[in-house]
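What follows is a set of notes on a single structure, which appears directly below.
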Amino acid sequence: MCGITAYIGKGQALPFLMQGLEKLEYRGYDSAGVTVLNNNQLTTVKCKGRLKNLEEALKGHDMTGSVGIGHTRWATHGIPSNLNSHPHNNADGTLSIVHNGIIENYRELKDILIDKGYKFQSQTDSEVVVQCLDYFYKRGGDLMDAVHKVLNCIEGSYALCIIATKEPDKIIVAKKNSPLVVGKTEEGYVAASDIPALLAYTKEVYFLGDDEMAVLTKDDVHFYNRRNEELHKDITVIPYTLESAQKGGYDTFMLKEIHEQPTAIRETMRGRIFNGRLVFDELKDVDFTKFNKVYYIGCGTAYHACLCGAQIFELENHVPVFAQYASEFRYGNPIIDDKTLCVFCSQSGETADTLAALKLAKEKGCTTISVVNVLGSSIARASDVALYTAAGPEIAVASTKAYTTQIVLLSLFATYVAQELGYPVDEDLLTQMDKIPNYVEALLKDDPIFEGYAKKLENQHDCYFIGRRLDYASVMEGALKLKEVSYVHADAYVGGELKHGAIALIEEGTVVVAVATQPDIAAKTISNIEETIARGADVILFTTDQFDTSAVKTVYRLPNVNPLLMPLLVAIPMQLLAYHTAVIKGRDVDKPRNLAKSVTVE
Ligand code: G6P
């Protein structure tokens, strides 16, 4: 989704703006642009396409200046085009803005402004912000007054950066339901929609809350709420480095992040198990005896981690648990109250649907716990308790290490609750958990085998995944990974449902990826596999050494660990199968078409 950068300082703005936009490329975008302010004049260059198009377009422009704003756009209102790209300026070129989010009442505001004689250049919702700002600013007061008035008019979500030729010594930024961080550098102050954009310049950041604004100058920063009262904010020091947000010798971020999983899992477990007991100090004030129902909520890959977490929690804590997509939960009138525990899972901590679902749960009096990867993110801050995965920055759009670390944390969390409620703690799970990073390392060494399986998919249009119970969560994730990065159509089915429809799709040569690791149900899945083989399917089966698989030609034997932990191992071949299929097909692995890393609009 859209990315924002802003710079004010003693140096030049453009280098920061461009490197920051490059670091935000992973969010997904279709056009880019920058405005630089110099000698009371704005120079804006923007165009459709990748940053290299913008670099070309910048040649021949004097972009000298120590104040500037930049943007990568992911189209929501209006096609990707030069005119729809940001920054958007007013007609006389005295104001320039970049915006992330959606202005929901933009049509209404646009009509009012058109009646007042304003002419619009673009089809975007964002342009109303600059036109509205122009209207108020020209009627007196300073830029800050005008920004307050604009924010009173607009509805929806926004992260905004604003510059004006009449007040060239400042950048005003504002945020509501769209991420924005401010960084303090040696040269001055910077802002961006995500931390990697700042890391080359600083690790010291301030997190802006919703309905907060900041005024950045080269010497200081001041924060305000919507009543214009000044706020005190502490600096947070980011615990990871620029190197950890770079490719480090791998061809792609996705491959690097797949290989980082042993470390990410170890880091996520660190300090959680002490003398055979689970340690979650963050949860010490939560009374787990009061819950009669639990929801696990997320989107995309995080939802698949929820599917695992929910099953483990239910099994260990004997309470009904529901896993739901955030977008369904928020509009589903869920029957929830103060006896409901809601667990929200999100890598970015910024996904709009998950955040809205969290706000709904809070309104209804539920206890809210989030499992997030990004420090200080909106979901982390809005929930009663935030538990952090320690995956480090995840840049590739397709989530890998965030997924496995979410499962680790959710498994430990479920076991902690059992410990607190006095249920027998699954000691085998704790012992085996310790060994998972080593098993993952061993699986990564088998990469050439998974690459071999990927060759089967080179000329396939479709691929079907089957599994049951926890293996169903694993195949849901496997199918998502494959379609995300390779664009091969992939669907996951519960083994027992095959004969109710999907088996009609199996014909000679259809590739079926099957997972059968759960002892109580694996034999059933293997029967389903045989049914597909009888109809010509080319099956790749991931299982352990406990089951009779003589009917299947291609079998990969996973290490035999506690069944509840098998999704952590299955994830590795699923990720590598998707990865190699995408490479074979020549796809843009890290930035698949139409997808965004952080989905900050509904
Ligand atoms: C996008 C990403 C997915 C991710 C999902 C949820 O669709 O492309 O990889 O799983 O959002 O994101 P979150 O940050 O909430 O985990």
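Points worth noting:
- Computed over the stretch 289-334: relative contact order in percent, which uses C-alpha pairs under 8 Å that are six or more apart: 45 percent
- Three-way shape label, the stretch 242-326, alpha-carbon gyration tensor, a/c 1.5: oblate
- Residues within the reach of a label modelled at Glu507 (point 7 angstrom out along Cα to beta-carbon, backbone nitrogen below 12 Å), restricted to the stretch 445-487, are 461-462.
- Overall, the stretch 170-244 carries a charge dipole of about 220 debye about its Cα centre when +1 sits on the Cβ of Lys and Arg and -1 on the Cβ of Asp and Glu, all other atoms neutral.
- Per-pair calculated FRET efficiency, R0 = 51 Å: Asp545 and Ile79 via Cβ, rounded to 0.05: 0.40
- Gyration tensor verdict on the stretch 508-551 (Cα atoms; rounded if a/c is under 1.5, prolate if a/b is larger than b/c, oblate otherwise): prolate
- Each residue, Glu363 and Asn560, gets one label point 7 Å from its Cα in the Cβ direction; the gap between the two is 5.2 nm.
- For Phe465, distant residues with modelled amide H under 5 Å away: Asp491, Ala492, Tyr493, Val513
- Charge dipole (debye, nearest 20) of the stretch 338-410; +1 at Cβ of Lys and Arg, -1 at Cβ of Asp and Glu: 100 debye
- Sorting 278-287, 526-535 by average packing, meaning the other beta carbons within 10 Å per residue, from highest down gives 526-535, 278-287.
- In the chain, taking the dipole from charged Cβ atoms about the Cα centre, the farthest positive-side position among Ala75, Ile506, Met269 is held by Ala75.
- Packing around the peptides 227-237, 479-489, 446-456, 170-180, taken as the average count of other Cβ atoms within 10 Å per residue, puts them in this order, highest first: 170-180, 479-489, 446-456, 227-237.
- Between His461 and Arg226, the modelled labels are 5.1 nm apart [label points 7 Å from Cα along Cα→Cβ].
- Averaging Cα coordinates gives a centre for the stretch 120-150 and one for the stretch 195-248; these two points are 24 Å apart.
- Spread over its residues, the convex hull of the C-alpha atoms of the chain is 156 Å³ per residue.
- 3J(HN,Hα) along the stretch 520-526: 6, 9, 4, 4, 5, 4, 5 Hz, from the Karplus curve 6.51 cos²θ - 1.76 cosθ + 1.60 with θ = phi - 60°, whole Hz, x for Gly and Pro.
- Burial order of peptide ranges 462-471, 107-116 (average beta-carbon count within 10 Å, highest first): 462-471, 107-116
- FRET E, pair Asp219, Arg381, Förster distance 22 Å, beta-carbon r, rounded to 0.05: 0.20
- Three-way shape label, the stretch 470-521, alpha-carbon gyration tensor, a/c 1.5: oblate
- In the chain, the longest principal axis of the Cα atoms and the axis of helix 427-445 are about 80 degrees apart.
- Mean separation of Cα pairs under 8 Å and 6 or more residues apart, divided by the residue count, gives the chain a relative contact order of 12 percent.
- Here r is the Cβ-Cβ distance between Glu530 and Asp211 and R0 is 51 Å; the resulting FRET efficiency, rounded to 0.05, is 0.30.
- Sequence of Val215, Val190 when ordered by accessible area, the most exposed leading, probe 1.4 angstrom: Val215, Val190
- Taking only the alpha carbons of the stretch 462-602, we obtain Rg and Dmax values of 15.1, 49 Å in that order.
- Phi to ³J(HN,Hα) by Karplus 6.51 cos²θ - 1.76 cosθ + 1.60 over the stretch 131-145, Hz, x for Gly, Pro: 5, 5, 4, 4, 4, 6, 4, 6, 9, x, x, 9, 4, 4, 4
- Listed residue (Phe291, Ala310, His259) projecting farthest to the positive dipole end of the stretch 238-317, Cβ model: Phe291
- Separation of the stretch 22-88 from the stretch 159-173 is 16 Å, based on Cα centroids.
- Residues whose placed amide H lies under 5 Å from that of Thr5, excluding near-sequence neighbours: Gly70, His71
- Once the chain from Lys166 to Lys52 is taken as fully extended at 0.36 nm per residue, the excess over their C-alpha distance is 37.9 nm.
- Computed from backbone phi with θ = phi - 60° and the Karplus coefficients 6.51, -1.76 and 1.60, the 3J(HN,Hα) list for the stretch 291-308 is 8, 10, 6, 9, 10, 10, 10, x, 10, x, 4, 4, 5, 5, 5, 4, 4, 5 Hz; x is used for glycine and proline.
- Remark on Ala537: its backbone amide H falls under 5 Å from those of Gly509, a criterion applied only to residues 5 or more positions apart or on other chains, H modelled at 1.01 Å from N.
- Stokes-Einstein D (µm²/s) once Rh is taken as the Kirkwood radius of the stretch 1-99 over alpha-carbon pairs, at 10 °C in 1.306 mPa s: 121 µm²/s
- With Cα atoms, 0 to 90° folded angle of helix 352-363 axis to the chain main axis: 90 degrees
- Taking Cα centre as origin and charging only the Cβ of basic (Lys, Arg, +1) and acidic (Asp, Glu, -1) residues, the dipole magnitude of the chain rounds to 840 debye.
- Each part reduced to its alpha carbon centroid, the stretch 537-602 and the stretch 298-376 end up 25 Å apart.
The values are calculated or read from the model by the stated rules, or taken from the named source; none is laboratory data. Since the structure is predicted, the reported quantities are computational estimates derived from the model, not experimental observations. Cβ atoms come from the backbone with ideal geometry, glycine included; neighbour counts cover every protein chain shown. Please note that ligands, DNA and RNA were not included when accessible areas were found on the heavy atoms of the full protein model with its side chains. Shrake-Rupley method; radii C 1.70, N 1.55, O 1.52, S 1.80 Å.
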